[in-house]
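Below is one structure, written out as structure tokens, with a few remarks after it.
The values are calculated or read from the model by the stated rules, or taken from the named source; none is laboratory data. Because the structure is a prediction, the values reported are computed rather than measured. Cβ atoms come from the backbone with ideal geometry, glycine included; neighbour counts cover every protein chain shown. Just the protein is used for accessible areas: all its heavy atoms, side chains included, with ligands, DNA and RNA removed. Shrake-Rupley method; radii C 1.70, N 1.55, O 1.52, S 1.80 Å.
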Amino acid sequence: MNYLLTPPTLDDLTRLLKAWRFWMLGAIFGAALGAAVYYFAPPLFRAKATVNVDFNLEQAWPKDTDRQQFYYLERESRKLEEIAWSDDVMNQLSSRFGISVEELRGEKLQLSQPAEAGWHFYADDDEAQTADSLASAWAEAFVAKVQADIEAGNINEFVKLEATQSNNLPKERSIPLSGYLLAGSIGFLTIAVFVVLFVKPKSESNVS
């Protein structure tokens, strides 16, 4: 197999199978390399705050069909998501932490939510405490803004929110060590496949 687009031959596959010791050592070496990258250039810390959102469908639409309840749930969910990323909320965080709104929306913050129940507010930062404070402040600003909109009549009055996790938040790296180990192993083994297939041993080169 001398060219990249040439289909592999039986000899090529045999060479790959015979190099099983090389694959094992390569996987270990790649994992060790991934671990080294993780410890010398670790990913950001990530904190998660949680807000429980209850749309109270039975009270909001007691006599209507499931389809109408579905549209109500989808509409109110979109409203809440827009509030979470709104200028008012982002500007509060930007002023408090000295981080631009563009960076907050593009890098620092992530929102993961179902239609109902726990909405998770994630914040990433080099410092674990900053990530904790940022996620907590985002969740609390979101709840305060939604409550204000409910009182103003912009959000259905049956929607209830509660910040269930906003203090002493769980903090971990945004990418786990296992991800680095797996990426290192796969990356090294991918390179090794090309080496085994395209780099001929000296004995074979002399014969040819």
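For the residues Arg21, Arg105, a 1.4 Å probe over the protein chains yields an accessible-area ranking, largest first, of Arg21, Arg105. If I compute solvent accessible area with a 1.4 Å probe over the protein chains, what percent of it on the stretch 67-185 is carbon and sulfur? In the stretch 67-185, the share of accessible area belonging to carbon and sulfur is 45 percent. Measuring r between the beta carbons of Asn168 and Ala117 and using R0 = 25 Å, the FRET efficiency lands at 0.70.
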